[in-house]
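Working notes, structure below.
A short reminder: the numbers here are calculations on the coordinates, not readings from a lab. Just so you know, these numbers come straight off a predicted model, no measurement behind them. For neighbour counting, all protein chains shown are included, and Cβ atoms are generated from backbone atoms with ideal geometry for every residue, glycine included.
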Amino acid sequence: MLNYRDELDKMPSYDGVEKNYRVKVNANECTLNLPPLVEERVMNRLSHAAFNRYPNEEYYSLVEQIAKNFAVDDAQILLGGGSSEIIEKVFHAFGGNGRRVVFPQPSFSMYKIYAKAAESEGVPFDLDANFNLDVDAFIDKVHEVGASLAVVCNPNNPTGNALTPAQVEKIAASLDCAFLLDEAYVEFYGRSAVNLVAKHPNLLVARTFSKAYGLAGARVGYMVAQAAVTRMVNKTFMPYHLNTLSLATADIVYQMRDEFVPRIQMIVAERNRMSERLAKLSGVEVFPSETNFILFRTERAAELKDFLESLDIGIRYFAPNSFGLKNCLRVSIGTRVENDEVFNAIKSFTETR
């Protein structure tokens, strides 16, 4: 008889199975692959990669670049397999049996799973009806439960709204536990809190290459925190947990990150355009977004999702029991042509069905 770990059968799973839709705007991915000049340099770099060696050189080259950009010491940077792996390891570093982790809901669905995997008690904190975080009440909840870790996604996924840097600093300054800020979508917002790490030893900031830089397939992210924190969190990682291909690719992308600025600007402009157009449709409530996606609500969300799928358009639908997200749909921002097709399909549904 196979003897699995206790309660493994109760562990929720993340459904990562994806259909290859003709228009795929359901996963918050970047709709474009690498810019041609970046791709050329990536392929050249990979052609000279030493696959027979462990990826020390590639790892520390990327660390040095990120540290230089933020004017921090190399020891303050930790790399991971996307920001997801970093977040998971932070949960392990500060979690454990009998410890509590506080995070908003609705937010990134993996927080609840990471808490359980770290044998911690996940304590969700409800956002209000407009998906805003009551900062003072959140701080009070963290103190009330004696949390060892507080987590905030900023801007928030799947709602799209964001805290100001002043609100983030208020949380960091008010807590005596670790405070993890998940900035997966911050490039579309433009207001990072990385500069606050120097003032607040409890603040950890996680970032990713998956969204703005279109490297979801490479799985690279990083954390910025004070050196004493990164040293401890690093103990939760396995040796050589990132591969040469991903690291070398991310290294080139970061060197050439200015090449991505026009597409980030395009995504933001398209997001704003789509938000304005969707808000004019009958029966559609659009929520503010500082990300590369838009959350909206309609009473016939399930029917609309099925209608779009019949056109081979993939959009994110939230189950009726998803906290606060009943009748909500999330659409990632694609190219202008893709966005027009998605909008026209939604418009047709709302006007004719």
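Determine the equivalent ellipsoid of segment 206-315 by diagonalising the alpha-carbon gyration tensor, then write out the semi-axes as square roots of 5 times the eigenvalues, largest first, rounded to whole Å.
Result for segment 206-315: semi-axes of 36, 17, 16 Å.
Show me, for segment 275-284, the HN-Hα J-couplings you get by feeding each phi into the Karplus relation (A = 6.51, B = -1.76, C = 1.60, θ = phi - 60°), rounded to Hz, glycine and proline as x.
For segment 275-284, the Karplus curve yields 4, 5, 6, 5, 5, 8, 7, 5, x, 10 Hz.
Taking 8 Å as the Cα distance limit and 6 or more residues as the minimum spacing, I'd like the relative contact order of the chain as a percentage.
With pairs under 8 Å counted, the relative contact order is 23 percent.
I'd like the GluC sites (Glu not before Pro) in segment 1-68 restricted to DSSP loop residues with at most 10 other Cβ atoms within 10 Å, sorted by number.
Here the sparse-neighbourhood loop sites are GLU7.
Taking the Cβ of SER120 as the centre, find all other residues whose Cβ is under 14 Å away and add up their charges (Lys, Arg: +1; Asp, Glu: -1).
Within the 14 Å Cβ shell, the charges total +1.
Report, for the chain, the % of DSSP beta bridges that are antiparallel, rounded to 5.
45 percent
With only Lys, Arg, Asp and Glu charged, each at its Cβ (+1 for the first two, -1 for the last two), find how big the charge dipole of the chain is about the Cα centre; round to the nearest 20 debye.
Roughly 220 debye for the chain.
What are the chymotrypsin sites (Phe, Trp or Tyr not before Pro) within segment 222-271 that DSSP puts in a loop, where the Cβ has at most 13 other Cβ atoms within 10 Å?
Those satisfying the criteria are TYR240.
May I ask you to order 112-120, 208-216 by the average number of other C-beta atoms within 10 Å around their residues, highest value first?
The most tightly packed comes first, giving 208-216, 112-120.
Can you tell me how segment 1-142 classifies by the Cα gyration tensor, rounded, prolate or oblate, using a/c under 1.5 as the rounded cut?
Since a/c reaches 1.5 and a/b is larger than b/c, the shape of segment 1-142 is classed as prolate.
LYS24: which aspartates and glutamates have alpha carbons under 19 Å from its alpha carbon, excluding same-chain residues fewer than 8 sequence positions away?
Straight-line reach from LYS24, under 19 Å: ASP15, GLU270, GLU303, ASP306, GLU309, ASP312, GLU338, ASP340, GLU341.
Under the rule of -39500 (n - 2.57) per DSSP H run of 4 or more residues, summed and divided by the residues of the chain, what mean residue ellipticity at 222 nm is obtained, to the nearest 500 deg cm²/dmol?
Taken over the chain, the calculation gives -12000 deg cm²/dmol.
Where a Cα-Cα gap under 20 Å defines reach, which lysines qualify for LYS89, not counting those fewer than 8 residues away within the same chain?
Reachable lysines: LYS112, LYS116, LYS235.
Less than 17 Å apart at the alpha-carbon level, and either on another chain or at least 8 residues along: which lysines does that give for LYS280?
LYS280 reaches LYS347.
Which of the chymotrypsin sites (Phe, Trp or Tyr not before Pro) found in segment 30-73 are in a DSSP loop and have at most 14 neighbouring Cβ atoms, other than their own, within 10 Å?
PHE51
Take the alpha-carbon centre of segment 250-309, take the same for segment 113-185, and report the distance between them in whole Å.
Answer, in whole Å: 24.
On full extension of the chain, what length is gained from ASP126 through GLU285, given 0.36 nm per residue of separation minus the C-alpha to C-alpha distance?
Length gained between ASP126 and GLU285: 55.2 nm.
Against the 2.2 N^0.38 Å scaling, with N counting residues, where does the chain land? I'd like the Cα-based Rg ratio to two decimal places.
1.01
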